[in-house]
Every structure is written in structure tokens, then in C-alpha cells.
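Trainee: The structure follows.
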Amino acid sequence: MTYRLGQGTGPLRGVKVVEVAGIGPGPHAATLLADLGADVIRLERPSGPVSPGDRRTDLLTRGRPSVALDLKRPEAVETALTLVAGADVLTEGLRPGAMERLGLGPEPCLTRNPRLVYGRMTGWGQDGPLATTAGHDLNYISLAGALHGLGQTPERPQFPTNLVGDFGGGSTYLVIGVLAALLESRASGRGQVVDAAIVDGTAHLSAMFAGMLASEFSREERGANLLDGGAPFYDVYETADGRHMSVGALEPQFYAVLLEGLGLTGVAPDRDDPDRWPELRALLTRRFRERTQAEWTEVFEGTDACCAPVLPLTDAARHPHLRERQTYVERDGVLQPAPAPRFSRTPATLTTGPTMPGAQTREALEAWGVANVDALLESGAAAEG
């Protein structure tokens, strides 16, 4: 597919983003922007950054061209600054100080383009005692206070891969910050730096729990609170075939529907008496084990019982509700989530799939107005994949 500007159809069509490639939340943020229609150009080493899996199925590189630049060479840095001059946004996810050492820190970029929104994605933030130290999602959410309460076993916390930190408190908050700063920039004519730290975003995600803790409605114990499995009517139960159903019947009217479907109306102990919760949990555990997941799904689907099957991703994509909404789509033989959220007038669409390092170096640089592409390729400052 030939690359051209303006391929996106979402609400960010016309917004130009320079992405300095990294791993994890940085690329995920760029994917979000590309999915929503922005023209993102990905700058990376000819070999690409270190990332797990096959690059051909790396969905965090979809929707944008890859340009291979050796940013240790001054010609490549000048090329990056040329791109910045015509961009609205730059995103990067390197350790604090790395972009400055390359000559691409906020000062030279904002000097070249005073309206630029400069988005920085890190785990610890741009300052503070830990700013320059290594870390990963698990470390960030543990220090931010989120990991301690995750899971239902008192013995040890349990973590949901890297969803809470990297993508919840990280890339999502970077995109929020970039879009807010972009809106302000278009009003003021001045850009600014967005410091998106996973520890900050994860702490912000914990706002509701912090309030519940302050009101003494919750305790800092695993499996002891309303939303962490402490209540038997908000938990996960095993079925006869070793699968599971999620139960979230918090409100009394939904709980009544749950009991009706389970055949326990008038039988279950008083749920408003916490002293009887162990008895209620044991009853629900026994009852769910009497039928398979498919059988319980047939009982509860379409009702207000707030009871749903726990599905692996591939099964989720086949569920009638998600299939009708096309929440997951198949592109180039790869099952993947569709762009989100939805827009009534400017719907987002997938443009291109994952890109190999440097696969669009020439055409993307030329499309962005870089004039000396041949010289860059001949000198080795740029490379084609």
C-alpha cells in the first residue's frame, strides 16, 4: 500500500504526529492517535526497538509508516527536526535525558515549532529520585499503591498483565494529556510538554478507592471489599466444565434476578448481613458448579442479573454482542481490537497493519516534505527496510 497523508478517517484527521519509537505504552499511545485518524510517522532504528513477538503481528505498530533513522547522526537529527517543524505533536517514551542527548529534547523542538505538543511517556516521570532508574509496569503499579489491593488471595497480590500500568495509567493518560494540550495550543498558539508518568496515571485511576478508603467504606486488604471479591455477589465462580462466570449483582434489583436464575429465591441467606457472606458464597459456589458455562450463559444472557461468562480473547471476538459491534476485527489474518471509541460523524478506520522497521522510509519522508531523502539514504543516516 502506498503511503500518503490523510488516510485516516477519524476525528484526528489532519493532526500530524512524530513518534520516536519505544516499547509498550509509547507505541500504544501512538496507535490510539493513528486509530483516531492522526497522521503518525514512526521514527526508529533500522533494527527496530526490542519488543516481544513477531513484528508482523505487532499491533502496536499498526496504522502508520515506519521510517528508519540513525539518530546518532546529525543529518538524521536534522531530518527529525524538519518533521517536527511541520507536526502538531511529538511523542517519545525514552528515559529522561535520552532525547536531550540526541538533540531532540523539548527546547530544540519547541524552538523549531513553538506550537508543538511534546508528549513524554515514562514510568517514574521526568523528575524525582527514581526518574532515571529502570522499571516495568509491575514496579510502577506496586509503588503507586495499586498492586497491593489486586487479587482475591490474602497471601499475595495478583497482577493483570500490564493493563493497569502501561496502558491504563500510561498510554491512556499520555493521549488524554496530548489531546488536552493540543486543544489549548490551538487556542493560545503555544505548545508545551506533557509529562505522562505511569505512577501518576495509575494513582489517578485509584481515585475512587482512595475516596472509599477515606470514608472507611473500604480497607487496604485483598478480597475484603465490595469490588475485590470480598462480597459474594461480586465475584467469579467456577462452572461444571472448569470455566467461570463473573457475578456483579451489586444492586438489590439485579441480585434478585441473579437468585431467580440460580433457583435460589427465598433460599439464599440475607446478603445484607456480612456475617452470613461465607454461607452465601459457599451456596453460590456449589450452585454454579452444577452447570457448564454455556448453560449458565443461556440462563443469564439478556437479563439484568449482571452475570456473564469469563471468555478468553478469541472466544470474546466470537460472542454475538461483540461480533455485531465488530469490537474485534480480522485484518491481514490477525485478530485485533477495532479502533475505540466510536464516533457518529467521523468514524475511525484501520488504515494499515503492522509495519516493518524502515519499510516506508522514502515514501513517508517525501510525503512529509523532506527534500534530501536520496542523500540521507546514501549516507546511511536513513535506511529502507
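The values are calculated or read from the model by the stated rules, or taken from the named source; none is laboratory data. If you're wondering where the values come from, they're calculated on a predicted model, not measured in any experiment. No Cβ is skipped: glycine too gets one built from the backbone with ideal geometry, and neighbour counts run over all protein chains shown.
Trainee: Answer yes or no: is there a residue in the range 139-152 that is touching a Ser or Thr at 6+ places or on another chain (Cβ under 9 Å), assigned by TED's automatic domain parsing to the domain that holds V77, among the aliphatic types (A, V, I, L, M) and farther than 23 Å from N225 by Cα.
Mentor: no
Trainee: Can you find, within the range 57-108, the residue that is farthest from the chain's Cα centre (by Cα) among those that are in a strand (DSSP E or B) and of a type in the set (G, A, S)?
Mentor: A68
Trainee: Just name the residue that is farthest from Y234 (Cα to Cα) out of those in the range 145-169 that are over 9 Å from the mean Cα position of the chain (by Cα) and of a type in the set (V, I, T).
Mentor: Restricting to residues being over 9 Å from the mean Cα position of the chain (by Cα) and of a type in the set (V, I, T), the top hit is T161.
Trainee: If you go through the range 151-170 one residue at a time, how many are on the phi > 0 side of the Ramachandran plot and of a type in the set (S, T, N, Q)?
Mentor: Residues meeting the conditions: 1.
Trainee: Moving on to the next point. Test L183 against the criterion of being of a type in the set (A, V, I, L, M), loosely packed, with under 13 Cβ neighbours inside 10 Å and more than 17 Å from the chain's Cα centre (by Cα), and give yes or no.
Mentor: yes
Trainee: Given the options R276, R286, R222, R271, name the one that is more than 26 Å from F159 (Cβ to Cβ) and assigned to a loop (DSSP other than H, G, I, E, B).
Mentor: R271
Trainee: Further, regarding this structure: Restricting attention to the range 250-268, report how many residues are part of a loop (DSSP other than H, G, I, E, B) and touching a strand residue (DSSP E or B) at 6+ places or on another chain (Cβ under 7 Å).
Mentor: 1
Trainee: Here's a follow-up. Of all the helices (runs of 4 or more DSSP H) wholly in the range 300-385, which have at least 3 residues that are without any contact (Cβ under 8 Å) to a residue 40 or more places away in the chain and under 30 Å from L71 (Cα atoms)?
Mentor: Passing ranges, in order: 373-379.
Trainee: Going by what's in this entry, would E221 be described as surrounded by fewer than 18 Cβ atoms within 10 Å (Cβ to Cβ), at pLDDT below 95 and either of a type outside the set (F, W, Y) or outside the structural domain of T122 (by TED's automatic domain parsing) (or both)?
Mentor: The answer is yes for E221.
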